[in-house]
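Below is one structure, written out as structure tokens; the observations come after it.
The values are calculated or read from the model by the stated rules, or taken from the named source; none is laboratory data. Treat the numbers as computed from the prediction; the structure is a model and nothing was measured. Neighbour counts are summed over all protein chains in view; Cβ atoms, including those assigned to glycine, are modelled from backbone coordinates with ideal geometry.
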């Protein structure tokens, strides 16, 4: 009895505590929420939150706080974070709660963790143990919580720790656990795909799970996998089709229904997967026609969810190999969408159309009136989508109208992101359709003449157009009509682009535009016309109010005026100078723009000494040093007209200008200064390094930094004050850039042309269904379209408005369905973009001298020969590969090798490594192991194929090993490549099967030459596999990684990963030249670096000793040594050469390196320094 | 799906779930921009918006806006229905759910969401399963609560 009483009494305080405590705490959250909603000002809220947070801080740090109270604090902390206040002091306690709390508190703890900590947060590491414990827990709910948090936030590095546990859960009896485990694996796959590579078989099991929920979850993984490599999963097509069939047929349990539609999420996931599988694959597509048809048919209920399925179905039908019947149904579906009064469906319809017109432009024609209505829709989103659609159907004939519509939209739009996006597209279109073909021009005139009055008048600055017309009517009145709409349209559109896009514009828009003007086309007259338009247009703009113009536009204008204003004879240069000077006085003009303007003034200043002197006088007191310097230059140039002529030759084609970017004319000055004891120039990064060296011990090898030295930068030429020089200096070759521009402009060209003018290409019979607009003659074409427009018009509207719309329609959709009629006139569908005008052998823009160009191209060509040689020599080697015993090489590998020969460079780049032949070398164990049991590595060199044995090679180093396999590598220095020979030794007595080596390296091109797949490796034997590595750009150190997968027992794949580093020194080869050749080459190279190095003084002749040391370390070729000077040459594989000039300067070695490659000298210098330091 | 936001007509955030790792600064920017954009929409406008490179799908239920950020390839209509399904689940759990339920029991709303969507992908489309797993965890919660509160005599 007394026991009971005692118990009750002792329990009582706890009881009170916990009850009142809990009540108090829940109240506190409610109170907080209530008091916050009652507050009126932000300031009051901040004060309250401050109080609240400090109270919470106190509470969490107090040792008396129970887990239960902590749980409440966490909920409050979540609330505070949601309101945007920092409660990071609770994060650690959230983890603690998840770790130590009971199930109930754990749940809140895990939730808090998943809300507070994002993927990379360091505190997550502390969670790993908790998760491990809970995953092993027998309590279902604990395991569920652990899986949920793993699927949301988990540190990438710790995945291996939990992976086995999560994998085990895949066969858990409860479906909820299996489902969460699958999703956790999906998450792992997303953040670290190679960690889960080995469990693909288990994914298949999940796909076949009896619970539809688990199966649905596994589809997330499959969608991702199939998106990456559809070919590997073609065999599953049948299963996916079968599942979809069952779902559509309503075979799933009722509770997966959503508003009476069976498992819509599952259906859509499957449709996506099927469309990926069926893309460009007829036989796979055929498997799914039936089920797609069924889906289209079944989804008839009028509910959003069915439309979502239909939309996905339509996309699938248009993605896979086409089938006429399905296409027809899909097209009807799109029609329903577009015509629907529901705005969301209309939006989706427009989206579907945008997708579909890439394949079949005619579909847009059927809905032209709806599209036009959407253009004027009140909803911003719909308008935007419509423009997107119009952008896709742009052709040479409707481009003006579409661009005008886009510009109209842009003027009323204030969303930054949309503006940048659309303005880019307008610029793209303007540059793409230059109207250089005669038919284009004719059509242009016809369509324009109709819409001319209405739209031309809406141009912002239309006086310019008139000005142009006036100018031309005075000379050749007939041409005016033909020319006015194109060149001036282009300039005008670009003006609009610049003034609307403003300074948000992507930098490449003005760059491309200026390049287009500068590079020109085949005919000089046409170019000059364009330039003239630009000059005229800009003068007009500058005469108006210029205060609101964006800086980019001003920069473009000043550059063009500086270059081309002399083309316009009827304008006084003084007027141009006056306008530009006026700009300089404007407060809103930034100093960057001032530099542009001053450069322009410098170019046109000739003969106007009085104006210029005034100007430079006023600027010489400027705060800006750059401006002051320019003003100074300007003054000198204007005083000395001869100097001006020499520095800035008038009218000289700028691409033929010779620029000595190595500043070789200063060589004498430099060597004098050096001889007088001046410190040699050090590029900034080197100075930085030395500074670091002084400060602390650097244990890491120096990383290679890009040279920003003046010497390796090319001189800014007169073309480009700031921007252009950067863009042209990067690679010195514009082909790359223009290719990039080309690829970004491609709209229809890049798409595989499954769809021709008359429907699907191989199926000619579908052409019969061509719409009535396909009229044979160009004259009746537009009226034919008008008819078509009337026909598709759903409801007749008031005649006036209707006519307007029809006119718009015919101008918008011109040339869409009627390509056949145009092609009768011999016009190609899309004119080439302006950038690809002239095929120039020396496309490189301005700055870098001719030498660099030639060397770039030469290194290219040598590269391609390298490839040829590589494979060529491979063929020669084939018979010699087997050392003893088994030779698995079938004769067909020769053909295989030949076939690979044709592979382009790009192919090899995409594939990290390629299997060239499955030949390999197997060596019987007794030959090595018995003779030299101690040092395995040195024996391995004996395994090198005889043809490689004579080549210089490195020692064999061990890469990695595990109980069954050990890997070692040897570098063989071939002239044109570095061969990495990997020895795979079977350390066991049993046979190892399916050994596959994969090697990747980001910086290098790798190609597997042979032996990277071995079917069967006998016990105690060694197989050899070769990789050829090519280095295009020098990197100081590169690392490679790779994996070997093998099977010790069937079905049980092990992987072993390895990695290693290579240095540039491995890729440097001697360049054998004579002294004369050296001299010639020296003068032609542009990038140079100078540096004093340590001189080895130990032996007799310091120079010779030092050079020999370098020669040994770096495989350089010492060309000649004369007195205290030595010349040395090398090259990067068979690519860019690098010449070294060394001179003994006191106790140091003055080293001077030159190369066509900007980064190579720095790189070699770095290795020289190291080699000498190690000596 | 990149994120899910719930906010009131006054622009007060009620729930936020991020499915990709973002910095606090970015999150705040997204919340500010998206609430502004969505609240400015006229009532009968279409439920889709573009923000930067994300598609925004929103839907209003009484005084509460549900709003999702999607990637380019996601299906807008389906997401709209996903929001609806979430509201149905909330409704089922709270019984005629209103904004106050979510304000005061936001952690419950998170729990339900975690059972429905994981890592931006739909986890369980069966309404019954979600309800069941919620019930299981909750029943445990109740028994635990009873257990803790049970007098020990």
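Data overview
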{"item": "Residue match in the stretch B:21-32 (condition: surrounded by 17 or more Cβ atoms within 10 Å (Cβ to Cβ) and more than 9 Å from every other protein chain (Cβ to nearest Cβ))", "result": "yes"}
{"item": "From the options A:1129, A:1109, residue that is surrounded by fewer than 19 Cβ atoms within 10 Å (Cβ to Cβ), within 28 Å of residue A:972 (Cβ to Cβ) and either out of contact with any helix residue (DSSP H, G or I) (no Cβ under 6 Å at 6 or more places or on another chain) or in contact (Cβ under 8 Å) with a residue 12 or more places away in the chain (or both)", "result": "A:1109"}
{"item": "Single condition residue B:58 does not satisfy, out of (1) surrounded by fewer than 21 Cβ atoms within 10 Å (Cβ to Cβ); (2) outside any helix (DSSP H, G or I)", "result": "(1)"}
{"item": "Selected residue (only one of A:219, A:223 is crowded, with 19+ Cβ neighbours inside 10 Å and within 14 Å of another protein chain (Cβ to nearest Cβ))", "result": "A:219"}
{"item": "Top-ranked residue of the stretch B:116-131 - restricted to ones that are at the interface with chain A (Cβ under 7 Å from one of its Cβ atoms) and in a helix (DSSP H, G or I), ranked as surrounded by the fewest Cβ atoms within 10 Å (Cβ to Cβ)", "result": "B:128"}
{"item": "Tally of residues being modelled with pLDDT of 90 or more and within 14 Å of chain B (Cβ to nearest Cβ) across the stretch A:152-168", "result": "1"}
{"item": "Those residues of the stretch A:355-370 which are assigned to a helix (DSSP H, G or I), within 33 Å of the chain's Cα centre (by Cα) and more than 14 Å from chain B (Cβ to nearest Cβ), in sequence order", "result": "A:356, A:362, A:363, A:364"}
{"item": "Subset of the stretch A:1096-1106 that is touching a helix residue (DSSP H, G or I) at 6+ places or on another chain (Cβ under 9 Å) and assigned to a loop (DSSP other than H, G, I, E, B) - its residue that is nearest to residue A:1127 (Cα to Cα)", "result": "A:1096"}
{"item": "Set A:323, A:315: member being away from chain B (no Cβ under 13 Å) and closer than 23 Å to residue A:273 by Cα", "result": "A:323"}
{"item": "Boolean, residue A:383 is within 14 Å of chain B (Cβ to nearest Cβ), outside any loop (DSSP other than H, G, I, E, B) and either farther than 24 Å from residue A:502 by Cβ or touching a strand residue (DSSP E or B) at 6+ places or on another chain (Cβ under 6 Å) (or both)", "result": "no"}
{"item": "Tally, over the stretch A:593-618, of residues that are touching a residue at least 24 places away in the same chain (Cβ under 8 Å), assigned to a helix (DSSP H, G or I) and buried (at least 18 other Cβ atoms within 10 Å of the Cβ)", "result": "14"}
{"item": "Qualifying positions in the stretch A:339-354 - in a helix (DSSP H, G or I), under 14 Å from residue A:306 (Cβ atoms) and either more than 11 Å from every other protein chain (Cβ to nearest Cβ) or in contact with a helix residue (DSSP H, G or I) (Cβ under 6 Å, 6 or more places away or on another chain) (or both)", "result": "A:345, A:348"}
{"item": "Any hit, the stretch A:250-268, residues being surrounded by fewer than 22 Cβ atoms within 10 Å (Cβ to Cβ), within 28 Å of residue B:84 (Cα to Cα) and away from every other protein chain (no Cβ under 14 Å)", "result": "yes"}
{"item": "So residue A:58, is it more than 20 Å from residue B:27 (Cβ to Cβ), out of contact with any helix residue (DSSP H, G or I) (no Cβ under 9 Å at 6 or more places or on another chain) and part of a helix (DSSP H, G or I)", "result": "yes"}
{"item": "Checklist (1) closer than 17 Å to residue A:490 by Cβ; (2) at pLDDT 80 or above; (3) in contact with a helix residue (DSSP H, G or I) (Cβ under 6 Å, 6 or more places away or on another chain) applied to residue A:424, failing item", "result": "(3)"}
{"item": "Pick from the stretch B:61-84, criterion in a loop (DSSP other than H, G, I, E, B), touching a strand residue (DSSP E or B) at 6+ places or on another chain (Cβ under 9 Å) and more than 11 Å from chain A (Cβ to nearest Cβ), ranking: nearest to residue A:348 (Cα to Cα)", "result": "B:71"}
{"item": "Some residue of the stretch B:43-50 being within 11 Å of another protein chain (Cβ to nearest Cβ) and under 30 Å from residue A:86 (Cβ atoms)", "result": "yes"}
{"item": "Qualifying residue in the stretch A:82-97 (condition: more than 13 Å from every other protein chain (Cβ to nearest Cβ), more than 29 Å from residue B:2 (Cβ to Cβ) and surrounded by fewer than 22 Cβ atoms within 10 Å (Cβ to Cβ))", "result": "yes"}
{"item": "Which listed residue, of B:96, B:105, B:149, is modelled with pLDDT under 90, more than 25 Å from residue B:19 (Cα to Cα) and within 11 Å of chain A (Cβ to nearest Cβ)", "result": "B:149"}
{"item": "Residue, modelled with the highest pLDDT, within the stretch A:406-417, restricted to residues that are farther than 13 Å from residue A:497 by Cα and assigned to a helix (DSSP H, G or I)", "result": "A:417"}
{"item": "Criterion violated by residue B:64 - all others in (1) more than 26 Å from residue A:269 (Cα to Cα); (2) modelled with pLDDT of 90 or more; (3) surrounded by fewer than 19 Cβ atoms within 10 Å (Cβ to Cβ) satisfied", "result": "(3)"}
{"item": "Residue A:125 being away from chain B (no Cβ under 11 Å) and surrounded by fewer than 24 Cβ atoms within 10 Å (Cβ to Cβ)", "result": "yes"}
{"item": "Only listed residue being away from every other protein chain (no Cβ under 14 Å) and touching a helix residue (DSSP H, G or I) at 6+ places or on another chain (Cβ under 6 Å), chosen from A:186, A:233", "result": "A:233"}
{"item": "Strands (runs of 3 or more DSSP E) lying entirely in the stretch A:1014-1078 (those with 2 or more residues that are within 25 Å of residue A:198 (Cα to Cα))", "result": "A:1022-1030, A:1037-1049, A:1052-1063"}
{"item": "Subset of the stretch A:505-518 [crowded, with 19+ Cβ neighbours inside 10 Å and in a helix (DSSP H, G or I)]", "result": "A:509, A:510, A:511, A:512, A:513, A:514, A:515, A:516, A:517, A:518"}
{"item": "The stretch B:49-82, residues that are within 20 Å of residue A:260 (Cα to Cα) and in contact (Cβ under 8 Å) with a residue 40 or more places away in the chain", "result": "B:79, B:82"}
{"item": "Matching entry among B:10, B:50, B:36 (being surrounded by fewer than 21 Cβ atoms within 10 Å (Cβ to Cβ), at pLDDT below 90 and not in a loop (DSSP other than H, G, I, E, B))", "result": "B:50"}
{"item": "Index of the failed condition, residue A:136 passing every other in (1) away from every other protein chain (no Cβ under 13 Å); (2) buried (at least 24 other Cβ atoms within 10 Å of the Cβ)", "result": "(2)"}
